[in-house]
Each structure stands twice: as structure tokens, then as C-alpha cells.
1. Between (i) 15.6; (ii) 16.1; (iii) 19.3, which matches Kirkwood radius over Cα pairs in Å calculated for the structure shown?
2. Rank the residues 60, 24 as a footprinting-exposure proxy: fewest other Cβ atoms within 10 Å of their Cβ go first.
3. For the chain, take the longest principal axis of its alpha carbons; what is the angle in degrees between that and the long axis of helix 78-96, to the nearest 10 within 0 to 90?
4. Which order results if 97, 68 are arranged by neighbouring Cβ count within 10 Å, fewest first?
5. Among 85, 116, which comes first, then next, by fewest other beta-carbon atoms within 10 Å?
């Protein structure tokens, strides 16, 4: 779901990865990042690298200080949430300005990674792990 609010000039997009979901809101501003209503650096426990990895689609076009980003994320782990945020941010940017779409697509930022955990099967210990076979 990607939509734009003309009156507030905001773009909203959803990114997913494994079981992580991120709802990204792009607002013209000065580059603040809020994740689950706290600052981005606080959310990633002072990991600047994780925060910059999330904001990579903005850095591609040099827009890191021109948009505020509000993110609501849940599910999965930290790595899955980072990739979900990247996808949502790229989708919101592409929706704002269609000319950016080709650059984002060539960098692979608009491609959803659909790999998820395989379910456990009956009679097995995990998805594919079986008990040890005894010949004698």
C-alpha cells in the first residue's frame, strides 16, 4: 500500500521482510528519524551503521536532510526490520517522484525479499530435521 496525502505533502508506504513489517511515513522536514515514537539512534541502541543502512534510499539522492521519516515497525528481528524500513522508504520515494524509480530499481531497493521461515512438519523436529536413522 502506497499513498500520498496531498494536503500534508506526506507519502506512506509499507515494507516487509521475513516476519517484519514497517509502515514508513515521509514528511518534508530536516532529516529526523522516529521509529516507534523514539529517535532512530535510540531504537538501534546507538548503532549509527544500522540507522544509515535504513536511510540508504535517501542518501542515494542526497535527500537525507530534506525529509523527516516516521516509522512504525513490528515483528521479526533487527535485521529484518532494517530491510523492511529500506523497502518502505524506497517505495515512498518512488511514489513521490516517479523519475527516481528507475535508479531505485537498478540498485535493487524496490525488490521485496519474500523468503520466510519454513513451517515445521509433522513427525520432524524442525522444518526438515528428522531424528537420526538407526540401521541396526
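Every number here is computed from the coordinates shown, using simple stated rules; none is lab data. Keep in mind that what you see is a predicted model, and the values were worked out from it rather than measured. Every residue, glycine among them, receives a Cβ derived from its backbone with ideal geometry; neighbour counts consider all protein chains shown.
1. (ii)
2. Working: 60 16, 24 28.
Going from least to most buried by this count: 60, 24.
3. Orientation of helix 78-96: about 40 degrees from the principal axis.
4. 97, 68
5. Working: 85 29, 116 12.
Exposure proxy ranking, most exposed first: 116, 85.
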